[in-house]
Amino acid sequence: MLFRNRKINRLAFAAFVAAAAFALWKALAPGDDSVGLIPWDKAKHFIVFYVLTALAITALPASRFWRIGVVLLAFGGAIEVLQAFVGRDAAWGDLFADACGICALFGPIILRGLTTAPTPATRDAASGVGQMLGQKVEAPVQL
């Protein structure tokens, strides 16, 4: 896997939970979305879910990537549903931006695992891709 020191990195998990709670609060709180450093709503969704994905991968190194992606996408969908109940705009484009933010982080990780030869330095990344896809990955035989 990417990080093997623990099954759950407690500090990263606390940062992930805090970031997810802040994202939920900002998504549901009334206010003007046009102010701030990034005025475009879709870019905000992309950046938030990119960061949440990075924190989730760091916090849960033993988890499969596709499971993290599905849970985060479900979180984004839940935000959109809840926004409809609090008088905010719910849009499919926001959910698409969430998915793009998630995939933007996974893409380079998956490509690195698929394009590099399995050496001791890259074997963990390659096995992470196999595990992400649900395949049983065995270490190559060394002569």
Reported set for segment 37-64 where residues are of a type in the set (V, I, T) and crowded, with 16+ Cβ neighbours inside 10 Å is V48, V51, T53, I57, T58
Filter segment 90-107 for residues that are under 14 Å from W66 (Cα atoms) and at pLDDT below 90; the one that is surrounded by the most Cβ atoms within 10 Å (Cβ to Cβ) is L105
Pairing a residue in segment 18-34 that is closer than 21 Å to A59 by Cβ and part of a helix (DSSP H, G or I) with any residue that is at pLDDT 85 or above and among the polar types (S, T, N, Q), where Cβ atoms lie under 9 Å and the two sit 6 or more apart in sequence or on different chains, gives A27/Q83
Condition set of a type in the set (G, A, S) and modelled with pLDDT of 70 or more, scope segment 20-35, selection surrounded by the most Cβ atoms within 10 Å (Cβ to Cβ): answer is A27
Legend entry - Filter result for G130 (modelled with pLDDT of 80 or more and over 15 Å from the mean Cα position of the chain (by Cα)): no
Of the residues in segment 65-89, those that are surrounded by fewer than 16 Cβ atoms within 10 Å (Cβ to Cβ) and not in a helix (DSSP H, G or I) come to V86, G87, D89
Residue set A84, A99; condition of a type in the set (A, V, I, L, M), out of contact with any Asp or Glu (no Cβ under 7 Å at 6 or more places or on another chain) and in contact (Cβ under 8 Å) with a residue 24 or more places away in the chain; output residue A99
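The values are calculated or read from the model by the stated rules, or taken from the named source; none is laboratory data. Not measured: the values here are computed from a predicted model. Cβ coordinates were reconstructed from backbone atoms using ideal geometry, including for glycine residues, and neighbour counts include every protein chain displayed.
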